[in-house]
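The values are calculated or read from the model by the stated rules, or taken from the named source; none is laboratory data. These figures come from a predicted structure and were not determined experimentally. Neighbour counts are summed over all protein chains in view; Cβ atoms, including those assigned to glycine, are modelled from backbone coordinates with ideal geometry.
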Amino acid sequence: MNITDVLTQFAATGGVGPLRPLAALGDITAKLGPPQDVGRVASKRHWPHWYRYGDVTLEVCRCQVVNRVRIDTYRDTVTVPTEAGRLTTLRARAAYGPLEAALAAKGIIWTTVLESDVGCTTEIELPDEVTIHFTFVGNSPVAGPEGLPVHGAQAQEFTHACGPAKPDDQNPDC
Ligand SMILES: [Zn+2]
């Protein structure tokens, strides 16, 4: 497994292994063990809550459904969970051009949705209303995006919606 494999899987599924939007936290912990608790999304409420496995961060709703998955690839290495539930550290050398080619080989085509002086963002939409964004940041996109390093990727679901907390919720905001 290398970083291109991980990011290709992210583009195809919206995540890394069982870590993907709309997954249940209980199913994830059954496979990978407990995550690291990163903290609250909003300071006054326990939910939604951030957890992580290595460099893969989950935003989890109070109903224990994963809303969002993010992988950070801007450091020299990236740590991801393996299927066996351990963490493995990979070299985080990935760039726009080679990743675009690796995805095209799997039939995955992205759309550029944002371009700026420092990089760009591409988007992939999955059938179950999960949207994936890859962010590329570099010094000289003038020459084209091919050499821009991958800063990170994020996948978010737009189907699940919890209403306000009810008194009988198992995990009311607190
Ligand atoms: Zn929910």
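Go through region 17-28 residue by residue and tally those that are surrounded by fewer than 16 Cβ atoms within 10 Å (Cβ to Cβ) and either free of Cβ contacts under 8 Å to residues at least 40 places away in the same chain or not aliphatic (A, V, I, L, M) (or both).
In the first step, residues of region 17-28 are kept if they are surrounded by fewer than 16 Cβ atoms within 10 Å (Cβ to Cβ); the result is 24, 26-27.
From what's left, either free of Cβ contacts under 8 Å to residues at least 40 places away in the same chain or not aliphatic (A, V, I, L, M) (or both): 26-27.
Residues meeting the conditions: 2.
Looking at Gly54, Gly33, which one is touching a residue at least 24 places away in the same chain (Cβ under 8 Å), among the small types (Gly, Ala, Ser), away from the ligand (no atom under 16 Å from the Cβ) and closer than 26 Å to Glu123 by Cβ?
Criteria check complete, one pass: Gly54.
Can you tell me which residue within region 61-84, out of those that are more than 11 Å from the chain's Cα centre (by Cα) and of a type in the set (S, T, N, Q), is nearest to the ligand (Cβ to nearest atom)?
That would be Gln64.
How many residues, within region 75-134, are touching a residue at least 60 places away in the same chain (Cβ under 8 Å) and small (Gly, Ala, Ser)?
3
Within region 36-51, which residues are among the charged types (D, E, K, R), more than 16 Å from the ligand (Cβ to nearest atom) and assigned to a loop (DSSP other than H, G, I, E, B)?
Here is the first cut: in region 36-51, the ones among the charged types (D, E, K, R) are 37, 40, 44-45.
Next, only the ones that are more than 16 Å from the ligand (Cβ to nearest atom) stay: 37, 44.
Matches in region 36-51: Lys44 only.
With respect to the numbered conditions (1) buried (at least 20 other Cβ atoms within 10 Å of the Cβ); (2) modelled with pLDDT under 95; (3) of a type outside the set (S, T, N, Q), which one is the sole condition not fulfilled by Gly14?
(2)
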